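Rule-based calculations on the coordinates, nothing more; no lab input. Just so it is clear, the model here is predicted, and its values are computed rather than measured. Virtual Cβ from ideal backbone geometry, glycine too; neighbours counted across all protein chains shown.
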Amino acid sequence: MASIDIVKVDIKDLNTLQTIAKQTFIDAFEKDNSPEHFQKYLDRAFSLEKLTTELLEPRSEFYFAKNGEHVLAYLKLNFGSAKNELQDGDAVEIERIYVSQAFQAQKIGELLLQKSIQIAKERMTAYLWLGVWSENPNAIRFYKKHGFVPFGEHIFQLGDDAQTDILMKLELKD
């Protein structure tokens, strides 16, 4: 694979963001969820209106992993009050790291994770945290391999289906 660039997403990238966000979420979770709950979540979470609001939120940032003009993956980080629930000011939330199915197992997720760590360190935060679905052993293994440890749980609402996410964090050291 040629070089991969990590670039910040802005509002002009809205349609591309919607396309990759929907497709990677479908690839990752559609087979494990009821069609009704899944479609309800998909329609709400990845609507152009919702993504526009998220892109314009100054305490959130999106990044694409690109090979030339081709978007392979994306990342969403939250800071301060944009974080979903853990409002610790000394942390950065990784809300999403999703890699297109065709490019998985090529270390692209690791590149986005490294970008997250770099940004969190630049902001001088003590740790990164995220929620990962308890039924996603590959993602749990990925984060554990990179030093994340479980520290709690929360409910992730997929349509009308309340699912358990494991909260994991990575302490940042100089």
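Summary table
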read-out	value
Options 77, 113, 51; residue that is more than 18 Å from residue 14 (Cβ to Cβ), under 15 Å from the mean Cα position of the chain (by Cα) and not small (Gly, Ala, Ser)	113
Unmet criterion (only one of (1) within 12 Å of residue 91 (Cβ to Cβ); (2) more than 13 Å from the chain's Cα centre (by Cα)) for residue 173	(1)
Residue check for residue 24: of a type in the set (S, T, N, Q), within 22 Å of residue 164 (Cα to Cα) and within 16 Å of the chain's Cα centre (by Cα)	yes
Options 148, 46, 142; residue that is out of contact with any strand residue (DSSP E or B) (no Cβ under 8 Å at 6 or more places or on another chain) and under 16 Å from residue 168 (Cβ atoms)	142
Selection count, the stretch 117-143, where residues are under 16 Å from the mean Cα position of the chain (by Cα), touching a residue at least 12 places away in the same chain (Cβ under 8 Å) and closer than 25 Å to residue 158 by Cα	11
Wholly within the stretch 8-103, strands (runs of 3 or more DSSP E) carrying at least 3 residues that are buried (at least 17 other Cβ atoms within 10 Å of the Cβ), out of contact with any Ser or Thr (no Cβ under 9 Å at 6 or more places or on another chain) and in contact (Cβ under 8 Å) with a residue 40 or more places away in the chain	60-67
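The rows are residues; the columns are (1) in a loop (DSSP other than H, G, I, E, B); (2) of a type outside the set (Lys, Arg); (3) exposed (fewer than 15 other Cβ atoms within 10 Å of the Cβ).
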residue: 105; (1), (2), (3): yes, yes, yes
residue: 109; (1), (2), (3): no, yes, no
residue: 114; (1), (2), (3): no, yes, yes
residue: 118; (1), (2), (3): no, yes, yes
residue: 140; (1), (2), (3): no, yes, no
residue: 153; (1), (2), (3): no, yes, yes
residue: 169; (1), (2), (3): no, no, no
residue: 173; (1), (2), (3): yes, no, yes
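One line per residue, one yes/no per condition, for (1) touching a helix residue (DSSP H, G or I) at 6+ places or on another chain (Cβ under 7 Å); (2) among the aromatic types (Phe, Trp, Tyr); (3) closer than 20 Å to residue 130 by Cβ:
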{"position": "7", "(1), (2), (3)": "no, no, no"}
{"position": "19", "(1), (2), (3)": "no, no, no"}
{"position": "47", "(1), (2), (3)": "no, no, no"}
{"position": "54", "(1), (2), (3)": "no, no, yes"}
{"position": "57", "(1), (2), (3)": "yes, no, yes"}
{"position": "62", "(1), (2), (3)": "yes, yes, yes"}
{"position": "66", "(1), (2), (3)": "no, no, no"}
{"position": "73", "(1), (2), (3)": "yes, no, yes"}
